[in-house]
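Notes follow once the structure below has been shown.
Just so it is clear, none of the values below were taken in a lab; they were calculated from the coordinates. What you see is a predicted model, and the numbers here were worked out from it, not measured in a lab. Methodologically, a virtual Cβ is constructed for each residue, glycine included, from the backbone with ideal geometry; neighbour enumeration extends over all protein chains shown.
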Amino acid sequence: MHFAIIRERKSPPDHRVVLSPGDCQKVLSQFPEAQITVESSPIRVFSNEEYQEAGITVSADIEACEVLLGVKEVPIEALIPNKKYFFFSHTIKKQPYNRDLLRAVLEKNIELYDHEVITNTKGVRLVAFGRYAGIVGAYNGFRAYGLKTGLFDMPKAKSLKDRQALIKELQGLSLGHIKILLTGKGRVGNGAREMLVGMGLREVNVTEYLENTFEVPVFCQIDVLDYNKRKDGQELPITDFFAHPEEYESNFFRFAKVTNLYIAGHFYGDGAPYLFTREDVRDPEFNIEVVADISCDIDGPVATTIRASTIADPVYGYDRETGKEVSYDDPNAIAVMAVDNLPAELPRDASEGFGDTFVEHVIPAFYNGDADGILSRARMTHNGKLSSGYAYLQEYVDGKE
């Protein structure tokens, strides 16, 4: 199989890559029959020279390659017909802005494999940038807190080399006795937790967090049953929440009353209660000053997230009374950090982490007959048609919804 690492062409540019030079070497070592060509790029976080020094071919011509590996959506005009492509297509939720991309994939007889649906037999994602979204999101949350309060000034994450450099910046902060709440215990939430632990913060349990005061900054990491409760008062296993989210209501406000900085690293499922509403924010007891919304669901479960922000301009203000966007330093504003492509700020670390899992889970599937069904589950299109698992997208493709 001949793989290509394609040049990222989406604007604004993304510097990440599916396989680092080291990952390419792992593939060639484990599978001697594999070939890899790296499409030359002036923006990739790993330079052309780094690949060449690792013994990997770099070329502007990838026509001979069979499997093309990218991160972001490939512009329609750059798609090469009759190839296998891996990238985040952002079409599986029927996103209107990428309808034409999926149409073009079908018209060009491309086999599309979306990174987002590369899963094991239980539906658990195998490759993702989530950990690094959590790492950068936590850092950006503290940076936003410094901007909002005027207590300190931090460089942007993208100006720092790696995760360790981010932690070093955080370790030097003087935070006072603030309380930090973190939702989520998946890749994103645990990535954020790495940073809180790395900077030496004290972790407390739910009861301590809600009832006690502290002379040092503390944080509490909570999961869905900590901030949701059944309407009928029953206490059931977490599986009940995922099976019947409509039977639950938010119990988040008790945390909002005592929290200064809130880091949202949870996954929000359809039908689940919103964590807090615009009405909640108007309540005088709502104490949160800064929201670092890594999950970034617009006009959704975190009411203060009214739009995504950007790496260039990461923080905006949410007016507590009107629900409108204002400057984050407005006295009545909650500062919101809601960058929706956080791992792009730490492209080297994020690429290496993503590549390690891609080499572990995906590459072997090309050589073992796809024994675990990884490729078949992720293949959205085949022979110019939607695969059976993605037939639900047909009306989306046809423009009927």
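Rounded to a whole number of µm²/s, how large is the Stokes-Einstein D of the stretch 130-345 at 10 °C and 1.306 mPa s, given Rh as the Kirkwood radius over C-alpha pairs?
Value of D from the Cα-based Kirkwood radius: 92 µm²/s.
Between 0 and 90 degrees, rounded to the nearest ten: what's the tilt of helix 130-149 against the longest Cα principal axis of the chain?
40 degrees
Please arrange Met199, Met380, Met337 by how many other C-beta atoms lie within 10 Å of their C-beta, fewest to most.
Met199, Met380, Met337
Rounded to the nearest 20 debye, what is the charge dipole size of the stretch 130-345 about its Cα centre when +1 sits on each Lys and Arg Cβ and -1 on each Asp and Glu Cβ?
The dipole of the stretch 130-345 has a size of about 760 debye.
Dipole magnitude of the chain about its Cα centre, charges +1 at Lys/Arg Cβ and -1 at Asp/Glu Cβ only, in debye to the nearest 20?
280 debye
Output wanted: per-residue J couplings in Hz (rounded whole) for the stretch 319-324, from phi through Karplus 6.51 cos²θ - 1.76 cosθ + 1.60, θ = phi - 60°, x for Gly and Pro.
With the stated coefficients, the stretch 319-324 comes to 6, 4, 8, 8, x, 9 Hz.
With r defined as the distance between the Cβ atoms of Glu215 and Ala243 and R0 fixed at 35 Å, what FRET efficiency is calculated, to the nearest 0.05?
The computed FRET efficiency comes out at 0.25.
Here are some pairs, Lys10/Lys122; Lys72/Lys148; Lys10/Lys185; Lys158/Lys400; Lys93/Lys385; which of them have Cα atoms lying more than 29 Å apart in this structure?
Beyond 29 Å between Cα atoms: Lys10/Lys122; Lys72/Lys148; Lys10/Lys185; Lys158/Lys400.
If you average over every viewing direction, what projected area does the convex hull of the Cα atoms of the stretch 184-286 give, in nm²?
Answer in nm², one decimal: 7.3.
Would you calculate the volume per residue, in Å³, of the smallest convex hull containing every Cα atom of the stretch 79-211?
175 Å³
Starting from the Cα coordinates of the stretch 136-204, work out the convex hull volume and express it per residue in Å³.
87 Å³
Report ³J(HN,Hα) in whole Hz for each residue of the stretch 256-263, in order, from the Karplus equation J = 6.51 cos²θ - 1.76 cosθ + 1.60 where θ = phi - 60°; Gly and Pro get x.
Once rounded to whole Hz, the list reads 4, 5, 10, 9, 9, 10, 10, 10.
Using a cut-off of 12 Å between alpha-carbon atoms, which aspartates and glutamates can reach Lys156, once sequence neighbours fewer than 8 places away in the same chain are excluded?
Hits, sequence-local ones excluded: Glu169, Asp313, Glu345.
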